[in-house]
Amino acid sequence: MARKDLQVAPLEQELVVYDPVSGRAYLLNATGAMLWSRCDGTTTTEALGGALASQYGLDQEEAMEGVTNYLAQLSRVGLLAPPLR
């Protein structure tokens with residue numbers, strides 16, 4: 001799930017995500033913006049993969065690999081909230 005304290009602003013088909021804690025801004029491309037909009041804490045990784053596969057005509061395995069890598073990047077830079085236990 002995306003952190004609640006982040007500031008998000010659309011920029012054409014992309015998104016600018018500002019992290020007030022680190023002072024850094026991140027530019028998400030159209031694909032990243034589409035996935036980001038679904039990082040709501042209820043959408044599963046599999047559903048994200050399905051959305052990516054559907055939108056870009058990818059097979060499910062390729063889409064899941066892309067989603068997994070993307071979520072790992074978002075987590076590494078601290079844009080995702082830690083999972084609830």
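The values are calculated or read from the model by the stated rules, or taken from the named source; none is laboratory data. Fair warning: this is a prediction, and the values are worked out from it, not measured in the lab. All Cβ positions, glycine included, derive from the backbone under ideal geometry; neighbour counts span all protein chains shown.
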Open item on the list: Going through G41, G66, G32, G50 one at a time, which residue ends up being on the phi > 0 side of the Ramachandran plot and either in a helix (DSSP H, G or I) or under 12 Å from the mean Cα position of the chain (by Cα) (or both)?
Closed with: G41
TODO: Restricting attention to the range 4-29, report how many residues are outside any strand (DSSP E or B), touching an Asp or Glu at 6+ places or on another chain (Cβ under 8 Å) and either in contact (Cβ under 8 Å) with a residue 40 or more places away in the chain or hydrophobic (A, V, I, L, M, F, W, C) (or both).
DONE: 2
TODO: For the range 26-74, enumerate the residues that are more than 20 Å from Q7 (Cβ to Cβ) and small (G, A, S).
DONE: A47, G49, G50, A51, A53, S54, G57, A63, G66, A72
- [ ] Would you check if there is a residue in the range 16-29 being surrounded by 14 or more Cβ atoms within 10 Å (Cβ to Cβ), β-branched (V, I, T) and in contact with a strand residue (DSSP E or B) (Cβ under 8 Å, 6 or more places away or on another chain)?
- [x] yes
Task: Residues within the range 44-57 that are at pLDDT 95 or above and surrounded by 13 or more Cβ atoms within 10 Å (Cβ to Cβ), tallied - done: 6
TODO: Quickly run through the range 53-63 and pick out the residues that are assigned to a helix (DSSP H, G or I) and either at positive phi or of a type in the set (K, R) (or both).
DONE: none
